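The values are calculated or read from the model by the stated rules, or taken from the named source; none is laboratory data. Because the structure is a prediction, the values reported are computed rather than measured. Cβ sites come from the backbone with ideal geometry, for glycine too, and all protein chains shown count toward neighbours.
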Amino acid sequence: MEEKIEQFINMVRGLYNIDRRLLPELSEGQWHSFRTDPARYLIHADEIKAVAIFREVMKRQSHG
C-alpha cells in the first residue's frame, strides 16, 4: 500500500483506539458520543476537544 495511505489509515485507527483517561477534556456524556462515532464527534467538536483528540492521535503516530 502507498505510504501516505498507510499513514492515513493508521491515523484513523488511532482515532478509534484512544483510552478514556487520555481525554480529560471530555465529560462522560461527550466521551460516550465520541466512543459511539469518533470520526463524527471529531468533525463536530469544538476547538479544545478537537485539539485534545488530535494530540492523542498524533502521539500514536510518533510512537508507532
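So, of the residues in segment 7-55 that are modelled with pLDDT of 95 or more and among the small types (Gly, Ala, Ser), which turns out to be surrounded by the most Cβ atoms within 10 Å (Cβ to Cβ)?
Ala45
Since Lys4 meets every condition but one in (1) surrounded by 14 or more Cβ atoms within 10 Å (Cβ to Cβ); (2) modelled with pLDDT under 95, which condition does it not meet?
(1)
Could you give me the residue pairs with C-beta distances under 6 Å whose first residue belongs to segment 1-23 and is under 16 Å from Arg40 (Cβ atoms), whose second residue is small (Gly, Ala, Ser) wherever it lies, and which are 6+ apart or on separate chains?
Cβ pairs passing all conditions: Leu23/Ala52.
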